[in-house]
Amino acid sequence: VNQQLQEKVSQIKSETGSKPGRKQQTDMKQEILFDLLPQAFTKLKKVGAYIDNTHKIMIVDSASQNPAENVISQLRQTLGSFKATAFGESSGMATVMTKWVTDGHAEGGLDFGSSIVLETLDEAKSVIRAKNVNYLTDEMQRHIENGYLVTQIGLVLNDRIEFTLTHDFAVKSIKFTD
């Protein structure tokens, strides 16, 4: 504020040949303060992203989808074009996770964790949430037979990292088992 006030005072002094009075400077300072106030509370936000050219994937470190879409939008504005699509249909991943439960094992060195969410993808959007249950029980299998899909599943990687994988490829609730 003081820097801009001094610039304005210097400009007036050069134009008129005389320095503004104390009352006029106080008024100018208030005006500058009101002009700068909206800029005072801006919040900078950093979102990390990783582009793997070898595998043709981009990973955005975000808890929600909006920041990831903003990163893609900024890349498109900067580069002129940036061809990017979501990693797949969420119902496709739900089908894969449901198959893991019906087969009794997950792929890629993953073991089942302690939580699961089953949902129907119809208009009713029925949801079943369970913690500390065995995924392979007859009850779970009946829910799947009745049209429920696994939309979130707790997994353990190499007995070291616990996390939740969602049907839209989000990884949540990461914990080390040490």
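The values are calculated or read from the model by the stated rules, or taken from the named source; none is laboratory data. Bear in mind the structure is a predicted one, so any value in this text is a computation, not a measurement. Neighbour counts run over all protein chains shown; Cβ positions are idealised from the backbone, glycine included. Remember, those area values only see protein heavy atoms, side chains included, never the ligands or the DNA or RNA. Shrake-Rupley method; radii C 1.70, N 1.55, O 1.52, S 1.80 Å.
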Roughly speaking, to the nearest percent, how much of the stretch 3-62's 1.4 Å accessible area is carbon and sulfur? 52
With every protein chain left in place, what is the accessible area of Asp27 in Å² (1.4 Å probe, nearest 10)? 80
Would you compute, from DSSP H runs of 4+ residues alone, the mean residue ellipticity of the chain at 222 nm, taking -39500 (n - 2.57) per run and dividing by the full residue count, rounded to the nearest 500? -13000 deg cm²/dmol
Given a Förster distance of 41 angstrom, what is the FRET efficiency for Lys29 paired with Gln74, based on the Cβ-Cβ distance and rounded to 0.05? 0.65
Expected output is a single nm value to one decimal: the length gained when fully extending between Val47 and Val96, i.e. 0.36 nm times separation in residues minus the C-alpha distance. What is it? 14.7 nm
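Over the chain, with the other protein chains present, what is the accessible area per residue in square angstrom, probe 1.4 angstrom? Each step should come with its number before you reach the end.
Working: 13260 Å² over 178 residues.
In whole numbers, the chain has 74 Å² accessible per residue.
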Give me the angle, in degrees from 0 to 90, between the Cα long axis of helix 65-79 and the longest principal axis of the Cα atoms of the chain, rounded to the nearest 10. 60
Positive-end residue of Gln74, Leu44, Gly17, charge dipole of the stretch 3-102 with Cβ unit charges: Gly17
Could you work out how much longer the chain between Ser81 and Arg129 gets when fully extended? Use 0.36 nm per residue separation minus the Cα distance between them, nm to one decimal. 13.2 nm
Could you work out how far helix 2-16 tilts from the main Cα principal axis of the chain, as a 0 to 90 degree angle to the nearest 10? 30
Below 8 Å, C-alpha to C-alpha, sequence gap of six or more: please give me the relative contact order for the chain in percent. 15
Any idea what log10 I(q)/I(0) is at q = 0.17 Å⁻¹ for the chain, Debye with uniform C-alpha scatterers and no solvent? -1.11
Neighbourhood net charge (15 Å Cβ-Cβ; Lys/Arg +1, Asp/Glu -1) for Asn146: -3
Run the simple label-point estimate for Ala40 and Val60 please: 7 Å along Cα→C-beta, distance reported in nm. 3.3
How many angstrom separate the Cα center of the stretch 103-132 from the Cα center of the stretch 6-61? 49
